[in-house]
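**Q** Pasting in a structure now, in structure tokens, and then I'll have a few things to ask.
The values are calculated or read from the model by the stated rules, or taken from the named source; none is laboratory data. Note that the structure is predicted; figures quoted are calculated from it, not measured. Cβ coordinates were reconstructed from backbone atoms using ideal geometry, including for glycine residues, and neighbour counts include every protein chain displayed. With ligands, DNA and RNA removed, areas are computed over all heavy atoms of the protein, side chains included. Shrake-Rupley method; radii C 1.70, N 1.55, O 1.52, S 1.80 Å.
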Amino acid sequence: MIAILAFRHLLVRKRRSLFLLLGFSLGVGVMIVLLSVGEAMLEQSRDTSLVGGGELTVLPLGIDIEAMRTGGLGSMFFGIDRARFLVREVLGGPRQQGMVRTVSPGIEGKLLYLRRGNQTIPVRAGGEIPSRAAAVGARLQLLDGSWDDSRSDSAFIAPTTQQLYDQLDRFHLPSRPDSTWGEWHYFNLVTSPREWWYITFLVGGEVPTGRWGGELLATRRAADGQYRRFVSRISAARVSFDTVHADLALGQSYARQRNGVYQIHGESNSGGDRVSFRLQITPAARRYFPPVELGGDEFVSGYVVPGLVAGASGTICVRSRCQTLHNVPAYHDHNWGVWRDVTWEWGSGRGSKLSLLYGGVYGPKPSPATSSSVRSPFFLTVLDSLGVKQVLRFDDIHYRGSRGAAGRPGTTAPSSFSLEAARDADTLRLEVEVLDALGTSMGESRLPRVFLQMRGRFTLTGRLLGESVADTGSGFFETYVGRHPR
């Protein structure tokens, strides 16, 4: 009976029946297409010729997956910066251990050039970590021989503490001699609520073949509010560093890293006064920020923070009075690059639950060959005991008010400042009250500027990874009074 009624309806209501059949056909067709796309994506995720297999594949933002698979132009020149940090901390760290079983990094079809005599040969090369590739089901099918993790593979995935901090904190060589090249280890430590030190081990000049040397600079902010600098200049013949380790020697003074602990020793004189220190700086686990380098042929600026949160123990002596320290708050970073007409915004803070780091660099002012100066993206990083929690971006810092600053006569500093940073649904607001400031004239620049080192209290509020954030603490902050090249 139902079949008879259906056929009679088709004969009597032909247009309506055709319209309903067309709609039903379109719905079935769309469903088939969606199922086909889903199946194709599943097959690609399992395709070891793509990038290696696994349940989740991480690729650079904006890459065309099909172009990468087929080797088209869209697949060229893509890479993932700071891959070691992503593998060890962001994807493979303790924060994701409940969701991520293993991480397998890989390089597929990288264009390299081999030099054989006067002949240059282009080749395609790839690389994987054997144990990790096997763990995600993408192990190579060997016809002969063995394929196991090498020593460098192990250092990439799980370096020893010594290897990790040497990778982070190694020294560099400029691409060509430049009188404004500089590279330094920087430490600060808070010996009491009203006393702190800035300590810098610096190498600068036309390294390594021209006129260059080293400098040890120690600045003390005493409890009475007075600043005192101690400076020792060291000839190049008495400076020792290399590009695979964090160690630096400036005459009898040195900074050495052993198994993640820094031993720093220094002696310096200023106007008849003498300062000496012998300190042990111990960074907290996972409270570091990976190396970042900005620039090109004319301008390079590099930065890494091996110890965003650290503890300092040891002794500091001024004249004959010595002070013993035990695990006081400390910080360590490392900078390198060409510093002619370069300025920056920078700050680090330690709260009750979170640590923060922000920064950005203004490169040299425009030249006749360029229409604008180099400016790095400004970032705000928030860390906790599991490492980096989020990296957000911001455009500007809003300085307010005015207060006196020590150092250069007539210099003023802001009384407070704020910034707002965002990433997707995450938004944070940082408010800082400036408690103290030191101004230093920057005589090597063509632009009249004063370098400000500030101490302040901060408040951090907003939302991070779907949770409300509210924390307070203290930190060190830097900026410049005068024009930035923009």
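**Q** Can you find even one residue in the stretch 409-416 that is open to solvent by 50 Å² or more (accessible area, probe 1.4 Å), at pLDDT below 95, closer than 30 Å to residue 206 by Cβ and of a type outside the set (D, E, K, R)?
**A** From the stretch 409-416, those open to solvent by 50 Å² or more (accessible area, probe 1.4 Å) are 409-410, 412; that's our starting set.
Checking the rest, the ones that are also at pLDDT below 95 come to 409-410, 412.
Filter again for closer than 30 Å to residue 206 by Cβ, leaving none.
The answer is no, given that none of the residues of the stretch 409-416 is open to solvent by 50 Å² or more (accessible area, probe 1.4 Å), at pLDDT below 95, closer than 30 Å to residue 206 by Cβ and of a type outside the set (D, E, K, R).
**Q** Let me confirm something: among 255, 285, which residue is in a loop (DSSP other than H, G, I, E, B) and under 27 Å from residue 381 (Cα atoms)?
**A** On the way: 255 fails: in a loop (DSSP other than H, G, I, E, B).
Just a single option satisfies the conditions, and that option is 285.
**Q** Another question, then. For residue 268, state whether it is at pLDDT below 95 and in a strand (DSSP E or B). Break it down into steps so the answer makes sense when it comes.
**A** Details: at pLDDT below 95: yes; in a strand (DSSP E or B): yes.
Yes; evaluated as a whole, the condition is true for this residue.
**Q** Quickly run through the stretch 126-146 and pick out the residues that are exposed (fewer than 14 other Cβ atoms within 10 Å of the Cβ) and within 24 Å of residue 56 (Cβ to Cβ). Show your work before the answer.
**A** Looking only at the stretch 126-146, we keep the residues that are exposed (fewer than 14 other Cβ atoms within 10 Å of the Cβ), and these are 126-127, 137, 140-146.
Listed by number, the residues that qualify are 126, 127, 137, 140, 141.
**Q** If you don't mind, another one. State which residue is nearest to residue 291 (Cα to Cα) when the search covers only the stretch 95-120 and only residues that are touching a Lys or Arg at 6+ places or on another chain (Cβ under 8 Å) and open to solvent by less than 60 Å² (accessible area, probe 1.4 Å). Let's see the steps before the verdict.
**A** Quick first cut of the stretch 95-120, residues touching a Lys or Arg at 6+ places or on another chain (Cβ under 8 Å) only: 95, 102-105, 109-112.
Add one more test, that the residue is open to solvent by less than 60 Å² (accessible area, probe 1.4 Å), and what stays is 102-105, 109.
Working: 102: 24, 103: 21, 104: 21, 105: 19, 109: 25 Å.
Per the stated criteria, the residue is 105.
**Q** Those residues that are in contact (Cβ under 8 Å) with a residue 60 or more places away in the chain and either in contact with a Gly (Cβ under 8 Å, 6 or more places away or on another chain) or open to solvent by 20 Å² or more (accessible area, probe 1.4 Å) (or both), I need them from the stretch 249-266; list them, please. Step through it out loud before you land on a result.
**A** First pass over the stretch 249-266, keeping only residues in contact (Cβ under 8 Å) with a residue 60 or more places away in the chain: 255, 257-260, 262, 264, 266.
Of everything in the stretch 249-266, those that are in contact (Cβ under 8 Å) with a residue 60 or more places away in the chain and either in contact with a Gly (Cβ under 8 Å, 6 or more places away or on another chain) or open to solvent by 20 Å² or more (accessible area, probe 1.4 Å) (or both) turn out to be 258, 259, 262.
**Q** A follow-up question, please. Only one residue in 145, 93 is at positive phi and of a type outside the set (Phe, Trp, Tyr), so which one is that? Can you show your working first?
**A** Values: 93 fails: at positive phi.
Exactly one residue qualifies, and that residue is 145.
**Q** Let me ask something else. When you go through (1) of a type outside the set (Val, Ile, Thr); (2) touching a Ser or Thr at 6+ places or on another chain (Cβ under 7 Å); (3) more than 16 Å from residue 302 (Cα to Cα); (4) at pLDDT 95 or above one by one for residue 170, which number turns out not to apply?
**A** For residue 170, the exception is condition (3).
**Q** Now for a separate question. Determine which member of the set 241, 187 is within 22 Å of residue 288 (Cβ to Cβ), open to solvent by 20 Å² or more (accessible area, probe 1.4 Å), of a type in the set (A, V, I, L, M, F, W, C) and modelled with pLDDT of 95 or more.
**A** Numbers: 187 fails: open to solvent by 20 Å² or more (accessible area, probe 1.4 Å).
One residue alone meets the criteria, 241.
**Q** With respect to residue 220, is the statement that it is at pLDDT 95 or above and open to solvent by 30 Å² or more (accessible area, probe 1.4 Å) true?
**A** Numbers: at pLDDT 95 or above: yes; open to solvent by 30 Å² or more (accessible area, probe 1.4 Å): yes.
For residue 220, the condition - at pLDDT 95 or above and open to solvent by 30 Å² or more (accessible area, probe 1.4 Å) - is met.
Conditions tested, residue by residue: (1) crowded, with 17+ Cβ neighbours inside 10 Å; (2) out of contact with any Phe, Trp or Tyr (no Cβ under 8 Å at 6 or more places or on another chain); (3) closer than 26 Å to residue 436 by Cβ; (4) of a type in the set (Gly, Ala, Ser).
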position: 204; (1), (2), (3), (4): yes, no, no, yes
position: 211; (1), (2), (3), (4): no, yes, no, no
position: 245; (1), (2), (3), (4): no, no, no, no
position: 268; (1), (2), (3), (4): yes, no, yes, yes
position: 291; (1), (2), (3), (4): yes, no, no, no
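**Q** For the stretch 122-131, does any single residue satisfy the condition of being at pLDDT 85 or above, part of a helix (DSSP H, G or I) and out of contact with any Lys or Arg (no Cβ under 8 Å at 6 or more places or on another chain)?
**A** Checked against the condition, which is being at pLDDT 85 or above, part of a helix (DSSP H, G or I) and out of contact with any Lys or Arg (no Cβ under 8 Å at 6 or more places or on another chain), the stretch 122-131 yields at least one hit.
**Q** Tally up the residues in the stretch 319-350 that are farther than 18 Å from residue 479 by Cα and open to solvent by 30 Å² or more (accessible area, probe 1.4 Å), please.
**A** Of the residues in the stretch 319-350, 10 are farther than 18 Å from residue 479 by Cα and open to solvent by 30 Å² or more (accessible area, probe 1.4 Å).
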